[in-house]
Amino acid sequence: MPELRLSMTTEARTVLTDLLRLIAPAAARVSVNRARVPEADGEVAAFWTETLKAQAEEEARLLAVAFASAKGNPAIIVLRNEAQALAFLRALSAVRMALRDLVFADIPDAELEAAAELDDETLPTEKRHALACYTCFGLLQQSLVLQLDPEAFD
Amino acid sequence: MAKPKIKPEIKTESVVAPAPKWNVVVLNDPINFTGYVVVAFVSVLRIPKAEAKRLMRQVHEEGRATVWTGERERAELLALELQQWHLNAILEVDA
């Protein structure tokens, strides 16, 4: 598989990198809290929780390195193989999950599905900023899915 | 004349009940895109894309879909892998 590329303006890269720095420490906690871990078997539950926590920490590292390494204008993230691309896809999903839980948990699911239309000037600035970033991470994710499988979306 | 005491004969038979089957169920969420869910299903469940799309549509339209049924250990593994894709996966005993 040829390498995959994600491009964004340098301004977007700067804003998303700053947001990642803020949200990454909490992403692991969100990931574990959201998961429905089966509790009947303590050993299984402990393994389950540790696996999710370790993965979330790895995803935070992956995103931080990828955005820090994206140079040029437009800034380009290069993913060299399918495994890297799939890991990056999951990491983008994790950060969107964390934003949903930590910044706009009060927004109903139905409204969040059309997040791009949620640019409401009555919302506090920080929330509008986080929503814009949430949408940007989503656009990067969609671009990556389309490169991996052009027919994945109907 | 005393009646003979008859000891009732009790036969017991042990039957091994089959282990219950477990369902891996994915619930809808407002965060993950449909195409992403298709990629996740193909990657984790190793199913053809058409089947992955059918399951994704079921999750999206009905709010949930059973994506795999079988023995418990494998179900746990698949549910964990789907959660690693940040999908809302749960385990249920198959009725």
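Every read-out reported here was derived from the displayed coordinates using simple, explicitly stated rules and does not represent laboratory data. All figures in this text were calculated on a predicted structure; none of them were measured in a lab. FYI the Cβ positions are ideal-geometry reconstructions off the backbone, even for glycines, and counts take in every protein chain you see.
For the protein assembly as shown, what number of Lys pairs, 8 or more residues apart or on separate chains, have alpha-carbon atoms under 27 Å from each other?
Working: A:Lys53/A:Lys127; B:Lys3/B:Lys11; B:Lys21/B:Lys49; B:Lys21/B:Lys53.
Pairs that pass both the separation and distance tests number 4.
Expressed in nm to one decimal, what extension gain is obtained for the pair A:Lys53 and A:Ala26 from 0.36 nm per residue of sequence separation less their Cα-Cα distance? Provide the component values of the computation, followed by the final result.
Details: separation 27, 0.36 × 27 = 9.72 nm, distance 1.07 nm.
Stretched fully, the A:Lys53-A:Ala26 segment lengthens by 8.6 nm.
For helix B:34-45, what angle does its Cα long axis make with the longest principal axis of chain B, in degrees from 0 to 90 and rounded to 10?
That works out to roughly 50 degrees.
Quick check: from the Cα gyration tensor, does the stretch A:6-64 come out rounded (a/c under 1.5), prolate or oblate?
Values: a/c = 3.82, a/b = 3.30, b/c = 1.16.
Taking the square roots of the gyration eigenvalues as a ≥ b ≥ c, the stretch A:6-64 is prolate.
Just to confirm the filter: which GluC sites (Glu not before Pro) across the stretch B:52-95 are DSSP coil and have at most 12 other Cβ within 10 angstrom of their Cβ?
Working: sites: B:Glu61, B:Glu62, B:Glu71, B:Glu73, B:Glu76, B:Glu81, B:Glu92; in loops: B:Glu71.
Those that pass, being in a loop and sparsely packed, are B:Glu71.
Contact order normalised by length for chain B, with contacts defined as Cα pairs under 8 Å and 6 or more residues apart; what percent is it?
Values: 114 pairs, mean separation 40.9, N = 95.
The normalised contact order for chain B reaches 43 percent.
How far apart, in nm, are the 7 Å Cα→Cβ label points at A:Val78 and B:Arg64?
Computed distance between label sites A:Val78 and B:Arg64 equals 4.7 nm.
Taking other Cβ within 10 Å of each residue's Cβ, how do B:Ile31, B:Ile90 sort, fewest first?
Placing the least packed residue first, the sequence is B:Ile90, B:Ile31.
Assuming R0 = 41 Å, can you tell me the calculated FRET efficiency for the pair B:Ile47 and A:Thr122, based on Cβ-Cβ distance, to the nearest 0.05? Walk me through the numbers before you get to the answer.
Details: r = 44 Å, r/R0 = 1.08.
FRET efficiency, B:Ile47 to A:Thr122: 0.40.
Taking the Cβ of B:Gly63 as the center, what net charge do the other residues with Cβ under 11 Å away carry, scoring Lys and Arg +1 and Asp and Glu -1?
Details: positive: B:Arg64; negative: A:Asp109, B:Asp29, B:Glu61, B:Glu62.
Neighbour charge sum, excluding B:Gly63 itself: -3.
Taking the beta-carbon count within 10 Å as an exposure proxy, list B:Phe41, A:Phe153 from fewest neighbours to most. Display every interim value, and only then the final one.
Numbers: B:Phe41 27, A:Phe153 14.
The most exposed by this proxy come first: A:Phe153, B:Phe41.
So how do B:Val26, A:Val15, A:Val30 line up by other beta-carbon neighbours within 10 Å, fewest first? Numbers along the way, then the final one.
Working: B:Val26 27, A:Val15 16, A:Val30 20.
Ordered from fewest to most neighbouring Cβ atoms within 10 Å, B:Val26, A:Val15, A:Val30 come out as A:Val15, A:Val30, B:Val26.
Quick check: from the Cα gyration tensor, does chain A come out rounded (a/c under 1.5), prolate or oblate?
Working: a/c = 1.62, a/b = 1.15, b/c = 1.41.
In terms of gyration-tensor shape, oblate.
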